[in-house]
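Asks: What follows is a single structure, and I will ask about it in a moment.
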């Protein structure tokens, strides 16, 4: 079978925003003989300081054919056929005759996630309802968490003061509603999107900065947005499937959540005791071990597996407020397992993920993965890049690192997880290709 | 040194907020420094003691580089010093970062710099990627 699919990876390592925008588009477009059906664009936060994202997108549109559907945003890092990077910009451009494409946008995701999700999904639904292609895919890309700034304290992941914590817990909802700082609420948006578009295969990803959680931006055609969800919807005759894997293993450490707070976004008590001291005891960590400085080097490597609407959800614990643990999604109370993760297990999770696609002759692939994996593996993340390159060979792939990710398919339902690899592969059935 | 392609790779690293200093060095000798940007002021007060500690680490690198030693690091006060060794040599790319920086993300770019410098060392006429023109860089995927 002669492939009619043309794909290209755009890439820039330039510092100047406009030049980088131009280069990321040029390096992709020059490898296509036809205009792309869509252009997925990811960049690290650095361009904010080197010209700004408006200029970055201006650079892209200096080159990209007018009217090309474009979505994307800022990410903690990315990986593609050329390597692994925590600075720069990359794009995936695809041109294929048997493909219909739509993009959608919804605003104010932290204030009103359901409305944003509905608005965004409806744009896809309306644009693709006439499509005759039966295989449908959606990238659901959402503004990630932004640490709220507390008066007199600033933007902190760890708050020791009981008074400030009590105020912060109560203010969390208010902060989301008024200034749209706080959790990304990507779990709620993803669920609503699935409800709206149940026959799509989906990947969930979130927009981030350089792991600090201070700001993030989304791209929608020529617009720069904050607190937005952007969707890329694809209907095609290409074979496609999705898969989520993670390398986390259960330990024999368990506890029971006995009190939740902050709209079920915070664990206040475990085993009927204040959550943080009890967790420290379970992990044999000394009192005072967790601080603003040690947070990202310690507790993020001890994910927990809990329940959300009856589904197992492995998550990390990104913020501490005195005796309470803030979690990235709405959770249920009940039994929880403490998990552990190693570099080897993370790499094995990638191998396991790719094995799922053994029957597909790939044309291109897209991945969302947890930025904590990038932070954990450091430059060893190149081992993952080698695995992906070995699978895709000369076919394009793009992985972006985010903070809250997952997949959905009509067969497997929603998988929302932290510290996970989420894949969509487009291609042909190997039997038909041979 | 201004036209040294390795210095331009170091310039790129220095633009990252949490890279306070970076050099290509061996024991008792700094081979290449960034050309356009100096070290960040944070390291000035501690540079002398870091330099002495670095020289001791280079003794170990010289001893074990041939055996496959590829990275070393030490923490001194509020700083971490990362050594990315060039295989089978006594030279390393050295970066000084804040002790509690998001090291994983920095490591990715330090490794990219090591790879680029290695390419330049193996092919001295090659320009670093940041200096290349657009049509020299990428291939179809």
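Asks: If I ask for residues that are part of a loop (DSSP other than H, G, I, E, B) and in contact (Cβ under 8 Å) with a residue 24 or more places away in the chain, which ones from region A:274-303 would you list?
Replies: Those that are part of a loop (DSSP other than H, G, I, E, B) and in contact (Cβ under 8 Å) with a residue 24 or more places away in the chain: A:283, A:290, A:291, A:292, A:302, A:303.
Asks: On the basis of being crowded, with 18+ Cβ neighbours inside 10 Å, at pLDDT 95 or above and out of contact with any helix residue (DSSP H, G or I) (no Cβ under 9 Å at 6 or more places or on another chain), does residue A:92 make the cut?
Replies: Answer is no for this residue.
Asks: Tell me which of these residue B:31 doesn't satisfy, since it passes every other one: (1) touching a residue at least 40 places away in the same chain (Cβ under 8 Å); (2) in contact with a helix residue (DSSP H, G or I) (Cβ under 7 Å, 6 or more places away or on another chain); (3) not in a helix (DSSP H, G or I).
Replies: Just one mismatch for residue B:31, condition (2).
Asks: Take the residues of region B:5-44 that are touching a strand residue (DSSP E or B) at 6+ places or on another chain (Cβ under 6 Å) and more than 20 Å from residue B:79 (Cα to Cα): which is farthest from the other protein chains (Cβ to nearest Cβ)?
Replies: Checked region B:5-44; the qualifying residue farthest from the other protein chains (Cβ to nearest Cβ) is B:31.
Asks: Restricting attention to region A:286-307, and to residues there that are buried (at least 16 other Cβ atoms within 10 Å of the Cβ) and modelled with pLDDT of 80 or more, which single residue is farthest from residue A:375 (Cα to Cα)?
Replies: Checking each candidate, the answer is A:306.
Asks: Taking the condition more than 30 Å from residue A:14 (Cβ to Cβ) and either more than 11 Å from the chain's Cα centre (by Cα) or within 14 Å of chain A (Cβ to nearest Cβ) (or both), does residue B:88 pass? Steps first, answer last, please.
Replies: Numbers: more than 30 Å from residue A:14 (Cβ to Cβ): yes; either more than 11 Å from the chain's Cα centre (by Cα) or within 14 Å of chain A (Cβ to nearest Cβ) (or both): yes.
So residue B:88 fits the description; yes.
Asks: Pick out, from region A:185-225, the strands (runs of 3 or more DSSP E) lying fully within it that include 2 or more residues that are touching a residue at least 24 places away in the same chain (Cβ under 8 Å) and within 23 Å of residue A:414 (Cα to Cα).
Replies: Filter on region A:185-225 gives A:201-207.
Asks: Take region B:45-65 and flag every residue that is farther than 17 Å from residue B:80 by Cα and without any contact (Cβ under 8 Å) to a residue 24 or more places away in the chain.
Replies: Within region B:45-65, B:60, B:63, B:64 meet the criteria.
Asks: Residue by residue through region A:366-377, note down the ones that are at the interface with another protein chain (Cβ under 10 Å from one of its Cβ atoms) and within 27 Å of residue A:138 (Cβ to Cβ).
Replies: Correct list: A:371, A:372, A:373, A:374.
Asks: Now, a different point. Can you name the number of the only condition in (1) surrounded by 20 or more Cβ atoms within 10 Å (Cβ to Cβ); (2) farther than 20 Å from residue B:109 by Cβ; (3) within 12 Å of chain B (Cβ to nearest Cβ) that residue A:394 fails?
Replies: (1)
Asks: Pick from region A:91-115 the residues that are farther than 25 Å from residue A:61 by Cβ and touching a residue at least 24 places away in the same chain (Cβ under 8 Å): which of them is farthest from the other protein chains (Cβ to nearest Cβ)?
Replies: A:114
Asks: Here is a check on your reading of the model: is residue A:353 out of contact with any strand residue (DSSP E or B) (no Cβ under 7 Å at 6 or more places or on another chain) and either touching a residue at least 60 places away in the same chain (Cβ under 8 Å) or in the same structural domain as residue A:191 (by TED's automatic domain parsing) (or both)?
Replies: For residue A:353, the condition - out of contact with any strand residue (DSSP E or B) (no Cβ under 7 Å at 6 or more places or on another chain) and either touching a residue at least 60 places away in the same chain (Cβ under 8 Å) or in the same structural domain as residue A:191 (by TED's automatic domain parsing) (or both) - is not met.
Asks: Does residue A:86 count as in the same structural domain as residue A:15 (by TED's automatic domain parsing) and in contact with a strand residue (DSSP E or B) (Cβ under 7 Å, 6 or more places away or on another chain)?
Replies: Numbers: in the same structural domain as residue A:15 (by TED's automatic domain parsing): yes; in contact with a strand residue (DSSP E or B) (Cβ under 7 Å, 6 or more places away or on another chain): no.
Criteria not met by residue A:86.
Asks: Same structure, new question: Select, from A:30, A:4, the only residue that is at pLDDT below 95 and surrounded by fewer than 24 Cβ atoms within 10 Å (Cβ to Cβ).
Replies: None of the other options fit; the residue is A:4.
Asks: Given the conditions (1) part of a strand (DSSP E or B); (2) closer than 29 Å to residue A:347 by Cα; (3) at pLDDT below 95, report the number of the one that residue A:268 does not fulfil.
Replies: (2)
Residues checked against (1) more than 26 Å from residue A:176 (Cα to Cα); (2) in contact with a helix residue (DSSP H, G or I) (Cβ under 6 Å, 6 or more places away or on another chain); (3) at pLDDT below 70; (4) assigned to a helix (DSSP H, G or I):
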position: A:125; (1), (2), (3), (4): yes, no, no, yes
position: A:131; (1), (2), (3), (4): yes, no, no, no
position: A:136; (1), (2), (3), (4): yes, no, no, no
position: A:139; (1), (2), (3), (4): no, no, no, no
position: A:142; (1), (2), (3), (4): no, yes, no, no
position: A:152; (1), (2), (3), (4): no, no, yes, no
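Asks: Here's a follow-up. Taking residue A:380 as the residue in question, decide whether it is within 10 Å of chain B (Cβ to nearest Cβ) and over 21 Å from residue A:75 (Cα atoms).
Replies: no
Asks: Also, I was wondering about something else. Of all the strands (runs of 3 or more DSSP E) wholly in region A:3-90, which have at least 3 residues that are more than 13 Å from chain B (Cβ to nearest Cβ) and within 27 Å of residue A:145 (Cβ to Cβ)?
Replies: Per the criteria, A:38-43, A:70-74.
Asks: If residue A:324 passes every condition in (1) surrounded by 22 or more Cβ atoms within 10 Å (Cβ to Cβ); (2) out of contact with any helix residue (DSSP H, G or I) (no Cβ under 6 Å at 6 or more places or on another chain) but one, which one does it miss?
Replies: (2)
Asks: Looking only at region A:182-201, filter to residues that are surrounded by fewer than 24 Cβ atoms within 10 Å (Cβ to Cβ) and out of contact with any helix residue (DSSP H, G or I) (no Cβ under 7 Å at 6 or more places or on another chain); which one of those is farthest from the other protein chains (Cβ to nearest Cβ)?
Replies: Across region A:182-201, the extreme among qualifying residues is A:195.
The values are calculated or read from the model by the stated rules, or taken from the named source; none is laboratory data. Not measured: the values here are computed from a predicted model. Note: ideal-geometry Cβ built from the backbone for every residue, glycine included; neighbour counts use all protein chains shown.
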